[in-house]
Amino acid sequence: MEREFSIARLWQAHQAHMAEQRRRYPAKRIVAAVAEAHELTVDELHSIRRPRRYCHARHHAAWELRRRRQDLGLSQIAAHLNRTDHTTAHHSYTTFCAMVAQGRYAAERARVEAILAEAPCSSS
């Protein structure tokens, strides 16, 4: 009985945490923050164009979405980046993880953190 109760409490805590993530970090706001940090527009980030700076910004957006919105699946992350396949989001995430491990894009990551910390938003 006690174990069931603690599992129920853990599940409620998890659900509350996910709700807080959704409220605090709407996906559109994360994408806009990444675009701003990379000095792009959201339309440029969503475009099919493939200059390196666009691709790296999309990789960063996938990484931020995966990190801050654990309730989103890879297909949903791809959709937020105007892509059709979850494998694209997975590739972007793993590529940016490698860049982070190399110490790259620290300034852009810090800028996204600052933008998201400025004013909380309640829309998704």
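Filtering segment 97-109 to residues that are without any contact (Cβ under 8 Å) to a residue 40 or more places away in the chain and under 14 Å from the mean Cα position of the chain (by Cα) leaves only 97.
Being open to solvent by less than 40 Å² (accessible area, probe 1.4 Å) and either in contact with an Asp or Glu (Cβ under 6 Å, 6 or more places away or on another chain) or at pLDDT 95 or above (or both) narrows it down to one of 57, 79, so name that one. Steps first, answer last, please.
Numbers: 79 fails: open to solvent by less than 40 Å² (accessible area, probe 1.4 Å).
Just a single option satisfies the conditions, and that option is 57.
Taking segment 13-29 as the range and being at pLDDT 90 or above and open to solvent by 100 Å² or more (accessible area, probe 1.4 Å) as the test, only 28 passes. Within segment 43-75, the only residue that satisfies the criterion of being closer than 19 Å to residue 118 by Cα and without any contact (Cβ under 8 Å) to a residue 24 or more places away in the chain is 67.
The values are calculated or read from the model by the stated rules, or taken from the named source; none is laboratory data. Quantities reported herein were computed from a predicted structural model and do not represent experimental measurements. Methodologically, a virtual Cβ is constructed for each residue, glycine included, from the backbone with ideal geometry; neighbour enumeration extends over all protein chains shown. Heads up: the accessible areas ignore ligands, DNA and RNA and are worked out on the full protein's heavy atoms, side chains in. Shrake-Rupley method; radii C 1.70, N 1.55, O 1.52, S 1.80 Å.
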